[in-house]
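The following block contains the structure, expressed as structure tokens.
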2 protein chains.
Amino acid sequence: MSERFPAGELERFIAHVMTAEGLPGADAADVARLMVAADRTGFDAHGIFRLPDYLKRIRSGGINRTPKIGILRETASVALVDGDNGMGHLAVEYAVRTAIAKASETGIGWAGTRNGNHAGAASVYAAMPLAHGMIGIYGAVGGGNQMPPWGGTDLLLSTNPLAVAIPAGDGTPVVMDFATTVASMGKIRATAQRGEAMPEGWMVARDGAPLTDPARASEGLLLPMGGYKGYALALVIGLLAGTLNGAAMGEDLLDYAADVDRAANTGQFICALDPAAFGDAGAIGQAVDRVAGQMRGSEIMPGFDTVRVPGDGRAARLADREENGVPIPDALRATLDGIARETGVAPLSNR
Amino acid sequence: MSERFPAGELERFIAHVMTAEGLPGADAADVARLMVAADRTGFDAHGIFRLPDYLKRIRSGGINRTPKIGILRETASVALVDGDNGMGHLAVEYAVRTAIAKASETGIGWAGTRNGNHAGAASVYAAMPLAHGMIGIYGAVGGGNQMPPWGGTDLLLSTNPLAVAIPAGDGTPVVMDFATTVASMGKIRATAQRGEAMPEGWMVARDGAPLTDPARASEGLLLPMGGYKGYALALVIGLLAGTLNGAAMGEDLLDYAADVDRAANTGQFICALDPAAFGDAGAIGQAVDRVAGQMRGSEIMPGFDTVRVPGDGRAARLADREENGVPIPDALRATLDGIARETGVAPLSNR
């Protein structure tokens, strides 16, 4: 069971909790807004759901409450941002703003982060350039190694997500956001909670045999989307988001949920690309609308209800949640009520 | 059966044929070098194998023999290149050089092409920035719609490949290159020639049922790698390589192999990113070596022989072919001998 709360109320709650935990007020408000941006668009595993994990990390000294985020190196179109081990959302938003500013000058901007932390939903950041009429391309090193290289059994890769947002004309922007593993650990935990088996293809055991019992997930290896192609993509995203920035990747990567008192050195990258560099941005947006409309207008395959363009589901969830609020499952609400008691912050309320 | 020929001999042959067909000598030599770059690295379906298709298109008036390739629009870090309907290799190499030059100035360069044509293997272009110590990211709209959007049956998407090349230190560079479909039409044709069935997952019929008989491939729909994620990736690559550049995508895309007398308006993009913008390029290369070495050093899963990093196979094929020549199957050699007779060019020779 769940109850819905206005997104603004979730922001109020998170900002007050973060302030109570010692974050400066402006940073606390920014973190709250960026976390709830995931809840607003339906990425429920990356929004307020993460608050307990973040608090554990902040309280254990694994996150710097008062970071000085800034640019370590830059060229006309590229920047390397130091997150100073603050909340990851702050460093990534700083990087996105930097990339957009550079793209406004030169047509494209690329910013990488080091000394960052988990920053929530990839599409939150990929979609930020949309407000400036720009394309966003975002990649990140995920929060722990749960996947081996193709053909191996050593856990050396994370779910390294990729997100791309492309402005449309009158229509819904195209927003792609996926993990490069077939399933995320969050999805597997949810399957376990429902008492269901995992489909074959999500995980294998170390001997390569399919592993379908989610209670045995800790013994298992996540599989990459699309087999060896997904392995290649996860590795390349990790090199661009981690290694290139001097951030953790491979054996350096800690288990974000468990190893909470050390700096994670999470890395991300964001690229902003301005369609106006290619021609009339309005005409390009209309061309995107046309192609997207062709996809949506396709004949439907038996067994499917509709053909969607990436971003359509996000737009529908956004509209629903702006109107009706964000559903908070009862178990999460109980956890949040506990945090309210611990911090002296007023609990989530619908009044 | 096949016989091996030095890569330089393949280049000699293609350059002479292209000159005989009316391409200026310098363009013919460039096309030959870029086609054979695919053969040198083992992308056999994208090198000299394509010569008959290109000749059909040139002779039918579908390709401009004497294009004036140039920049239509540019900013400090972005360019839109007009291929003037010449051989696609020429426009894409022009775009790569433009992107590298811009990256040398600003840290990153992005160039898109319009009015181009099929340009061969994606990794040939993604790997060009490596010689300048730079990362290359390449995407293209494939040569014909063979895949529906996820949940649909209308053929609106091509195999839209993505390639990324990342410089290493002392080790082999990381070079990823894949189609966003599970299998390419070339792979399916090769399966048919061997009289084998396709594995489930390559194609479905219009009713969604698995299609495994390669002789029925023309009735079938290619499936995306990784299900809906691969659909999203194919669409996004098509928008960035096609729509953004004013090139063909979706319903506009013609069947490159069949519709040979009209301009294809093929689009591609290349991004060059300079690691030196992020720090000491040598140290970053060594960090790439370390991560790649961790992958190669993983324990092996039962059923596998080795763990490879994307680009390892390419490097091994390159070394073998530089030493021993490029294998040319007898059937292809007979076709090339026919072209030699038609054009008055000396046939491939080992002497």
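The values are calculated or read from the model by the stated rules, or taken from the named source; none is laboratory data. Bear in mind that the values here come from a model prediction, so they are computed numbers and not experimental data. When we count neighbours, we look across all protein chains shown, and the Cβ atoms used for this are built from the backbone with ideal geometry, even at glycine.
With the condition kept exactly as written, say whether any residue in region A:210-228 is closer than 30 Å to A:Met134 by Cα and at pLDDT below 95.
No, there is no match, as no residue in region A:210-228 is closer than 30 Å to A:Met134 by Cα and at pLDDT below 95.
Considering each residue of region B:260-295, count those that are assigned to a loop (DSSP other than H, G, I, E, B) and in contact (Cβ under 8 Å) with a residue 12 or more places away in the chain, and give that number.
7
Could you list, in sequence order, all residues of region A:63-78 that are among the small types (Gly, Ala, Ser) and facing chain B (nearest Cβ under 8 Å)?
Answer for region A:63-78, where residues must be among the small types (Gly, Ala, Ser) and facing chain B (nearest Cβ under 8 Å): A:Ala76, A:Ser77.
Would you pick out the residues in region B:97-113 that are among the small types (Gly, Ala, Ser) and closer than 13 Å to B:Gln268 by Cα?
Answer for region B:97-113, where residues must be among the small types (Gly, Ala, Ser) and closer than 13 Å to B:Gln268 by Cα: B:Ala99, B:Ala111, B:Gly112.
Now for a different question. For the condition modelled with pLDDT of 95 or more and part of a strand (DSSP E or B), what is the one hit in A:Leu51, A:Leu90, A:Leu80?
Matching residue, one of A:Leu51, A:Leu90, A:Leu80: A:Leu80.
Are there any pairs with C-beta distances below 6 angstrom linking a residue in region B:298-316 that is buried (at least 19 other Cβ atoms within 10 Å of the Cβ) to a residue that is of a type in the set (Gly, Ala, Ser) and part of a loop (DSSP other than H, G, I, E, B), with the two at least 6 apart or on different chains, and if so which?
If the second residue must be of a type in the set (Gly, Ala, Ser) and part of a loop (DSSP other than H, G, I, E, B), the pairs left are B:Met301/A:Gly151; B:Met301/A:Gly208; B:Val307/A:Gly151; B:Val307/B:Ser298.
Conditions: (1) within 30 Å of B:Arg73 (Cβ to Cβ); (2) assigned to a helix (DSSP H, G or I); (3) in contact with a Ser or Thr (Cβ under 7 Å, 6 or more places away or on another chain). B:Gly230 meets all but one. Number of the miss?
(1)
Quick check on my filter: what residues within region B:100-135 are more than 18 Å from the chain's Cα centre (by Cα) and in a helix (DSSP H, G or I)?
B:Ile100, B:Ala101, B:Lys102, B:Ala103, B:Ser104, B:Glu105, B:Thr106, B:Ala131, B:His132
Follow-up. Are any residues in region A:247-273 facing chain B (nearest Cβ under 7 Å) and either modelled with pLDDT under 95 or crowded, with 22+ Cβ neighbours inside 10 Å (or both), and if so, which ones?
Hits for region A:247-273 are A:Met249, A:Gly250, A:Leu273.
Now, a different point. Assuming A:Glu196 fulfils every condition listed in (1) in a loop (DSSP other than H, G, I, E, B); (2) within 12 Å of chain B (Cβ to nearest Cβ); (3) among the acidic types (Asp, Glu) apart from one, which condition is it?
Result: A:Glu196 passes all but (2).
Given B:Asp320, B:Asp305, which one is of a type in the set (D, E, K, R), more than 30 Å from A:Gly246 (Cα to Cα) and facing chain A (nearest Cβ under 10 Å)?
After applying the criteria, what remains is B:Asp305.
Within region A:147-166, can you find the residues that are part of a loop (DSSP other than H, G, I, E, B) and at the interface with chain B (Cβ under 10 Å from one of its Cβ atoms)?
A:Pro148, A:Pro149, A:Trp150, A:Gly151, A:Thr153, A:Asp154, A:Leu155, A:Leu156, listed by residue number.
If you go through region B:22-48, how many residues are in a helix (DSSP H, G or I), under 19 Å from B:Leu332 (Cα atoms) and among the small types (Gly, Ala, Ser)?
Qualifying residue count for the region: 4.
Taking the conditions exactly as written (of a type outside the set (A, V, I, L, M, F, W, C), within 11 Å of chain A (Cβ to nearest Cβ) and more than 30 Å from B:Ile284 (Cα to Cα)), does B:Gly142 satisfy them or not?
Against the criterion (of a type outside the set (A, V, I, L, M, F, W, C), within 11 Å of chain A (Cβ to nearest Cβ) and more than 30 Å from B:Ile284 (Cα to Cα)), B:Gly142 does not qualify.
Suppose we keep only residues that are modelled with pLDDT of 95 or more and assigned to a loop (DSSP other than H, G, I, E, B) within region B:172-187. Which one would you say is nearest to the chain's Cα centre (by Cα)?
Within region B:172-187, the match that is nearest to the chain's Cα centre (by Cα) is B:Ala179.
Continuing with the same structure: So if I check each of A:Thr66, A:Thr98, which one is among the polar types (S, T, N, Q) and closer than 28 Å to A:Ala258 by Cβ?
A:Thr66
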